[in-house]
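Here's the structure we're looking at; comments come further down.
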Amino acid sequence: MAEVASHAKGQDRRPRVPGGRRKRVAVVFTDDEYELVQLKAVSAGVSVPRLLVDSVLYSDRRSVAARRAQSAELQKALRDLRGIATNVNQLTMTANASGHVIAGTADALAALARIEDRLVDAIEGFR
């Protein structure tokens, strides 16, 4: 099955395929049915067509909302990791220049280990 590609505006798009997608399906709903489908799409943060495609093609995977939540957790962990890596780099440069280890070094390394654990858990969830 084709994986989802990231769109420039941050929306998920399916990758292009040779020859394009030429088959269309018209779906007719009652007002109540459409309202329910619309509510589910809004709560998942996707359009109605995207909800329908995901529901059929990717029904064996996590829901759209679950994938987005997990992606947000990965992004947060990555931001945290970058910040801590910068701090560790500064501590290392100071220790190399002065010959003394600064007091916050152990705490920074412990935070780095916690972030690593979060990333490993989140990545395992994607598999």
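By the count of neighbouring beta-carbon atoms within 10 Å, fewest first, Lys40, Lys76, Lys23 end up ordered Lys23, Lys76, Lys40.
Applied to the stretch 36-50, the Karplus parametrisation 6.51 cos²θ - 1.76 cosθ + 1.60 on θ = phi - 60° returns per-residue 3J(HN,Hα) values of 5, 5, 4, 4, 5, 5, 5, 5, 8, x, 10, 7, 4, x, 5 Hz, with x for Gly and Pro. With the simple spin-label model, which puts each label point 7 Å out from Cα in the Cβ direction, the Ile123 to Ala85 separation comes to 1.2 nm.
A short reminder: the numbers here are calculations on the coordinates, not readings from a lab. Nothing here was measured: the structure is a model prediction, and the numbers come from that model. Neighbour counts are summed over all protein chains in view; Cβ atoms, including those assigned to glycine, are modelled from backbone coordinates with ideal geometry.
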